[in-house]
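One structure is given here, and the rest of the page talks about it.
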Amino acid sequence: NDSASQAFFLDRDGSLWLGSTGGASHLLAQSYAGPPQPPRTVLLAGRVGDLAIHSRLAGRVAVPRDRSSLMIELAAGTLVDPRRVELEGRLSPLESTWSAIRPRQARYPVLPPEDYRFEVRARVDGGAWGPITSLEVTVLPAWWQTLWFRALIGLAVLGVIAAGFTLRQRSVLRRRTRQLHAQLEASFRAV
């Protein structure tokens, strides 16, 4: 951690020699290719409701509405000190902006019925972001939230309205028929 102020040597091959109180260090500067590549994020494990998920899960996961909690454990695919790695994630369509993920877990206790896409990315020391890793989850609606049930309720409401209208019209028609019969009877008696 300490160095001598005059102990610096630039070798002909481009390498650097640095001296310190504990000895000398040889830095092969010509081999430096820049900052490390951005790490790829890995989904280590997790659960969607009762269903266990792991890093090799492919496709879309579908769960019923009553088992819609989501918990995912994450890691960055790099050997760099984990304190230098930053993870960000978002769950579309609930979250439109990226947010930091600490302590390497994402938790969503209850998700309403919809199609979701969980995305996560990582970077080292504020460098470039790595590729996005994603998981697609579908929370299925309950039977009373489905389209066919809503259509059935709509038809039932229309049936009740039609029945009410029909009963009202028949009632009016009977009353009018009684009035016409009464007028006819009165006219007949008057003649």
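The values are calculated or read from the model by the stated rules, or taken from the named source; none is laboratory data. Treat the numbers as computed from the prediction; the structure is a model and nothing was measured. Methodologically, a virtual Cβ is constructed for each residue, glycine included, from the backbone with ideal geometry; neighbour enumeration extends over all protein chains shown. The accessibility values were calculated without ligands, DNA or RNA, using every heavy atom of the protein model including side chains. Shrake-Rupley method; radii C 1.70, N 1.55, O 1.52, S 1.80 Å.
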Exercise for review: Please specify each residue of the range 124-149 satisfying the condition of being surrounded by 14 or more Cβ atoms within 10 Å (Cβ to Cβ), touching a helix residue (DSSP H, G or I) at 6+ places or on another chain (Cβ under 7 Å) and assigned to a loop (DSSP other than H, G, I, E, B).
Suggested key: LEU140, PRO141
Exercise for review: Exactly one condition in (1) crowded, with 16+ Cβ neighbours inside 10 Å; (2) at pLDDT 90 or above is not met by GLY154; state its number.
Suggested key: (1)
Exercise for review: Collect the residues in the range 1-44 that are part of a loop (DSSP other than H, G, I, E, B), at pLDDT below 85 and of a type in the set (S, T, N, Q), keeping them in residue-number order.
Suggested key: ASN1, SER3, SER5, GLN6, THR21, GLN37
Practice item. Considering only residues that are open to solvent by 90 Å² or more (accessible area, probe 1.4 Å) and of a type in the set (D, E, K, R), look in the range 1-53 and name the one that is nearest to ALA128 (Cα to Cα). Key: ARG40
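For the structure I just gave you, tell me whether ARG90 is free of Cβ contacts under 8 Å to residues at least 60 places away in the same chain and open to solvent by less than 60 Å² (accessible area, probe 1.4 Å).
On the way: free of Cβ contacts under 8 Å to residues at least 60 places away in the same chain: yes; open to solvent by less than 60 Å² (accessible area, probe 1.4 Å): yes.
So ARG90 passes the test.
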Review point. For the range 139-191, which residues satisfy the criterion of being under 30 Å from PRO113 (Cβ atoms) and hydroxyl-bearing (Ser, Thr, Tyr)?
Key: THR146
